[in-house]
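The values are calculated or read from the model by the stated rules, or taken from the named source; none is laboratory data. These numbers were taken from a predicted model, which means no experiment stands behind them. Methodologically, a virtual Cβ is constructed for each residue, glycine included, from the backbone with ideal geometry; neighbour enumeration extends over all protein chains shown.
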């Protein structure tokens, strides 16, 4: 942690960070279900989201998702390329799953800061390798069964819809591999990077989707602990989703910090416009 003002300010920040981390750890649940996302995969399906800065009122980029199935590896792949408004790619992400829909690995490359992080999941063990400008870092984390890696949050929110549509809130824990690395650098246990969350259905509303009028469910996602919510600013701890109420429960819109992501295009794969796609990594 770099402090630019004074030693006392630095100590206060470190104390808050440690306190928050131990709160997260104490709230972690051990009784979670294994996650399977097979029902949400569709060969050749694509999604395109617009990034809208809520403060500056400008488009800052786009997210472009693609799902493919690799026959030779018996593996599902979901790719995401984030682009600037001019189309230039600034981050590339890729998730791989077994043919029955369980997470295997995640790779992300940031072309601005020149780093790549790769995480593999084997049972309840997570192993990550961070390559930052040629400096290699390795770290391993033991996860409780059913923990949701942060990079899976969009798929996971869709998988929760059958329960959320019953007007039931759902609790689950998330794991952030990059936070685990920061914790290690602070000399704290990486297990503190696991945080229990609540997905709460708020209300249904009519939504103008790319294909026409659509009923949507607003779902708010936030930390289960009141203390954590008090310590963290709302833009960093509370997220809002609008999901279609019919299968495949597409995320029509979600807010993350100062950015609103809005679904612009969806192709369920029937058009077969993508026949020669290769994995990004």
- Note on the structure: In the stretch 57-86, anything more than 22 Å from residue 151 (Cβ to Cβ), part of a loop (DSSP other than H, G, I, E, B) and without any contact (Cβ under 8 Å) to a residue 24 or more places away in the chain is listed as 57, 71, 72, 86
- Message: Is it the case, given these coordinates, that residue 109 is in a strand (DSSP E or B), closer than 22 Å to residue 47 by Cβ, in contact (Cβ under 8 Å) with a residue 24 or more places away in the chain and out of contact with any helix residue (DSSP H, G or I) (no Cβ under 8 Å at 6 or more places or on another chain)?
- Response: yes
- Within the stretch 148-165, is even one residue closer than 19 Å to residue 252 by Cβ and not in a helix (DSSP H, G or I)? yes
- Query: Which one of the conditions (1) modelled with pLDDT of 95 or more; (2) not in a strand (DSSP E or B) does residue 96 fail to meet, given that it meets all the rest?
  - Reply: (2)
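Take residue 160 and tell me if it is modelled with pLDDT of 95 or more, over 24 Å from residue 104 (Cβ atoms), touching a strand residue (DSSP E or B) at 6+ places or on another chain (Cβ under 8 Å) and surrounded by 15 or more Cβ atoms within 10 Å (Cβ to Cβ).
Judged against the criteria, residue 160 is not a match.
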- If we keep only residues of the stretch 25-50 that are modelled with pLDDT of 90 or more and part of a loop (DSSP other than H, G, I, E, B), then the residue nearest to residue 103 (Cα to Cα) is 37
- at pLDDT 95 or above and more than 18 Å from the chain's Cα centre (by Cα), is that true of residue 216? yes
